[in-house]
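Some notes on the structure that comes next.
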Amino acid sequence: FYRLSAHLDGPTYAACAGHLQDLLCQECSPYAAHLYDAEDPSTPVRTIPGLCQDYCLQVWRKCRSIFRYLSADQELIALENNMAKFCHYLSLEDTDYCFPHLLENQHLNQNLGLVTADAEGCLQLCLVEVANGLRNPVAMVHANDGTHRFFIAEQVGLVWTYLPDRSRLEKPFLNISEAVLTSPWEGDERGFLGIVFHPKFKFNGKVYVYYSIEVHYEERIRISEFRISSADMNALDHGSERIILEIEEPASNHNGGELLFGDDGYLYIFTGDGGMAGDPFGTFGNAQNKSTLLGKVLRIDVNNNDRGPLYRIPPDNPFLNDPEARPEIYAYGVRNMWRCSFDRGEPQTKEGKGRLFCGDVGQNKYEEIDIVEKGKNYGWRAREGFSCYDKKLCANSSMDDVLPIYAYPHKMGKSVTGGYVYRGCESPNLNGLYIFGDFMSGRLMSLKEDHATGEWQYSEICMGTGQTCMFPGLINNYYQYIISFAEDEAGELYFMSTGIPSATAPHGVVYKVVDASRRAPPGKCRVEPLPVKVKSKLIQFVPKEKLIVKTPTPRPRLKATTEAPRGGRTDPESPHMPAVDWGGQAPPPTGNRSRTPTTPAPRGRAPKPRKEGERRRQRRKKKRPSTAPPLRNGAVRLMEQQGRGQSQGRVEVYIDGEWGTVCDDGWSSSAAAVVCRQLGFPFAVRASKKAEFGEGTSLRILLDDVQCVGQEKTLLECAHADIGTHNCSHEEDAGVVCSREEVAEW
C-alpha cells in the first residue's frame, strides 16, 4: 500500500487512498477465491477483484489512475478512459460476490432465501419451533438411551442439553469454547463441527466430538473422546478428553465435520479436502491422494480402547493392504461433505437400512448428493456433480468414480446441507423421502427413490399456505441459512437454521418437520422417556416464531416436464420450482434476520419488450398475423439429409440470429436429454456423433465442447466453448435420437 500510494499526489491520495487500500486488502478476504475468479481453472486469475457496477463507476470518476499501479493488465489500462468498457471488464459474472456489496452486506446473499410455496407439485409442509437463541447450531444428536433428550451443539464450542418438553439445562453439557478455533465473521467454516454418542453410551458413557484448533499457528481438526461425568448425567467430564486423531488443515475452509457410528459399530469421520479452491494440493489433489486423510470418509474402531491403542483399523477396511494408502480410509474423492446420515430403513421391512447419504458441497457450479459405499471414489477434483472439473483427470479411465444420485446447479443453491431419509412415525407420507437443503439459497428439497428404476425423483419442499399449517403450534416460515439436519430418538426429522450465519450471533432456531396433511393416529407415536436426574436449573422453552398467513397471488401455469433426465432429476425450472435467477434478484429489505416467504410468487420471466421498429412492423402486417413464436437464443431443431427431422437428426442451434451446428466433442446422453426435452420428447434414446445425420456444411459451427448435466433448460446453459469457437469440422456434427416412449438404448 505504501509503495503504491507513493505514486499519488496530494489531492489524489486524499480522494483515492481508501479505495487503493480496500482493493489491495481483498487478496486476504475470505471470499478472495470468488472475487478473483480463482475457482475456475479454465479462466485466468484476475489482477483486480470483481467490482460491483456502482462502485466501479464511483472509483472510475475520481480514481481511475490508481489501476495502472494496481495491475499490469494492458487490456485494462487501454480501457482506462472508457467508463462503460472499463467497468464491464472489471465486473463479475456472479453478482452475489462482487466487491464491495459482498462484504458490506452483513446478511451474505440474503436475497437467495426466497423459497416460495407452490400448490402444484411442491410438497407443502409445516414446522414446529423446538429451540431458539442459538449461535450457529451445527448439530443436534440424541443419546439413544431411552431418555429422549437431545443435545444441540453451537459452532463456538458449547453443547446444550434439552429435555423432551424442550426445556434447556442452564449448565452446558460440554463447553470447550476456549479451545475451539472460530471467529465471528460470517461464513467461517472452522469451529465445533460434529458430535456423536457411542452406540453403547448407556453403558460406557462415551461421546466423540470434531472441532477446529490452532497449535503453534498451525490449524488442525481434532477428533476427541469424552466420558460422561460420574456426578451428573447431563454433563461431560471435561478432564476426560482423549485425542483420538488430529489432522493438519492447510487452509481455513473445507474442514468437513461429520461424525457417525454405523450399524457395524465403527466410527465414520468425514474430512474436507484441505480448503482453498480446486483442491490444489499435489499432482491430483488431496481427495484423490490415498496417502492423506483429507478429502475422505474414514472408518475406525474405537471400541474397547481403554487399554492399548486409541483406535484400531477395521479388518475389512478397503485399503488395509495397500502400502501407499492410509488404512483408515473407507471412501475417497470427496470435496467437503457437510452432513451425512445412515438410513434407519423402512420401519416394517427395514429396506434401505444402513445406506449412507451425504451432501458434498460443490466448487463453483454444482452441489451433489451421494450414497457412500466402501472403497468407492466419488470423483473430486476430476468431477463436480456430473460435470468434469479437472478435464485431464476426468478423462482418466482408471478413475472409476461413482456418480451422485442427484446434483443441482448454483442457480438453485450454492452450498448443500445433507439431510436424512425420513423414517419417523408422526408423518407417514414422508416415509422414504430423503430431505435435505441448501445453506445459501434456503431451499428445502427432497428425493424419493423409484424402486422400479433405482432413480431418484426430485420434489421441492415449500411451507404450507392457506389453512395448511393453521393448527396449534405449527408455523410456516424459517430462517434462511440451513446449517444442519437431525433425527431425534424416535426418528422424527429436524433442521437448524439461522438468520445471521455467524458463530457469535444468537439467531439460530431448531425446527421439527411436520406433514399436516396426514398425521399418525392418536397415540400411535407416543413415547415414554426414561426419567432424567436434573442437577442444573431448567430454562423453560418460549417459542418466538409465528404462523404467517398470506393470500396466495395467482400466477400463470407452466407446462410440466414429462420426464426427468438421467438419475431421475427434473429440470430445475419445472413448475414445482421457482424459475428465478436467484443471483439476479434484488435483496429484500434489510432486517436483522431473513425468513423464507410463504406467499407464492409468479414464475417465469416477463416477455422482453419489443423494439419500436418491431411494433411498427406488426401494425403493418395486422391482416396476416404470424402464429409462429419468435425464436429465442438456444432454440434447437433436428435436421436429416432429406430435410427436417422429426424425432431424430442433426442438432442445429439458434444463437444471436443464426442457425448453426454443434460439435460432438463432449457430446453425451445428458446433452441429448436437454435437446429432446426442448423439443417436447420425454426420452433421449442416444446421442449421435460423427455427422450420422449428415453434415451441416451450409452453416457455421456455433457450439463445441458442450458438457451438460441434463437439467439445463437449453444447450446454452451447459458448459461450452465460446460461441463460434471450435476445433472441429462438420464431420463431427452432433445429433440425437429422441422418443416419446422409453426404449432400450441402441
- Message: Rounded to two decimal places and with Rh computed the Kirkwood way over Cα pairs, what is Rg over Rh for the range 1-104?
- Response: 0.94
- Note on the structure: Scanning the chain, every Cys lacking a C-beta partner under 4.7 angstrom -> Cys25, Cys28
- Query: For the chain, with equal point scatterers placed on the C-alpha atoms only and solvent neglected, what are the log10 I(q)/I(0) values from the Debye formula at q = 0.08, 0.09 1/Å, to two decimals?
  - Reply: -0.71, -0.90
- Query: For the range 635-739, what's the relative contact order in percent, using C-alpha pairs closer than 8 Å and at least 6 residues apart?
  - Reply: 36 percent
- Take the Cα of His7, step 7 Å along the line toward its Cβ, and report every residue of the range 51-67 whose backbone nitrogen sits under 12 Å from that point. 64-67
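What percent do you get for the relative contact order of the chain when only Cα pairs under 8 Å and 6+ apart count?
Working: 1816 pairs, mean separation 91.5, N = 746.
The normalised contact order for the chain reaches 12 percent.
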- Provide the net charge surrounding Val534, with neighbours chosen by a C-beta distance below 12 Å and charges set as Lys +1, Arg +1, Asp -1, Glu -1. +3
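Please give the FRET efficiency for Lys202 paired with Lys546, using the beta carbon to beta carbon distance and R0 = 45 Å, rounded to the nearest 0.05.
My answer for the efficiency is 0.70.
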- Task: Report, in degrees rounded to the nearest 10, the 0 to 90 angle that the Cα long axis of helix 669-678 makes with the longest principal axis of the chain.
- Result: 60 degrees
- Query: For His88 and Trp185, what is the calculated FRET efficiency with R₀ set at 41 Å and r taken between the beta-carbons, to the nearest 0.05?
  - Reply: 0.85
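Looking at the square roots a ≥ b ≥ c of the eigenvalues of the Cα gyration tensor of the range 256-411, which shape do they give, rounded for a/c under 1.5, prolate if a/b is larger than b/c, or oblate?
Numbers: a/c = 1.95, a/b = 1.27, b/c = 1.53.
In terms of gyration-tensor shape, oblate.
Whole number please: convex hull volume per residue, Cα atoms of the range 126-255, in Å³. Provide the component values of the computation, followed by the final result.
On the way: hull volume 17.4 nm³, N = 130.
In the range 126-255, the Cα convex hull volume per residue is 134 Å³.
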- Message: Using only the alpha-carbon atoms, how far is helix 53-63 inclined from the longest principal axis of the chain? Give it as 0 to 90 degrees, nearest 10.
- Response: 80 degrees
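Where Lys and Arg each count +1 and Asp and Glu each count -1, what net charge lies around Glu219 among other residues with Cβ under 13 Å from its Cβ? Write out the running numbers ahead of the final one.
On the way: positive: Arg190, Arg220, Arg222; negative: Asp188, Glu189, Glu214, Glu218, Glu246, Glu248, Glu249.
Net charge around Glu219: -4.
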- Mean residue ellipticity at 222 nm from the helices of the chain, using -39,500 (n - 2.57) per DSSP H segment of n ≥ 4 over the full residue count, to the nearest 500 deg cm²/dmol? -3000 deg cm²/dmol
- Where does the charge balance sit around Pro184 when Lys and Arg score +1, Asp and Glu -1, over other residues with C-beta under 14 Å from its C-beta? -2
- Accessible area per residue, 1.4 Å probe, Å², for the range 1-104: what's the number? 55 Å²
- Task: Compute the whole-percent fraction of alpha carbon pairs in the range 635-739 spaced more than 16 Å apart.
- Result: 48 percent
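The values are calculated or read from the model by the stated rules, or taken from the named source; none is laboratory data. None of these values were measured; they are calculated from a predicted model. Virtual Cβ from ideal backbone geometry, glycine too; neighbours counted across all protein chains shown. Quick note on the areas: whole protein, heavy atoms, side chains included, nothing else; ligands and nucleic acids left out. Shrake-Rupley method; radii C 1.70, N 1.55, O 1.52, S 1.80 Å.
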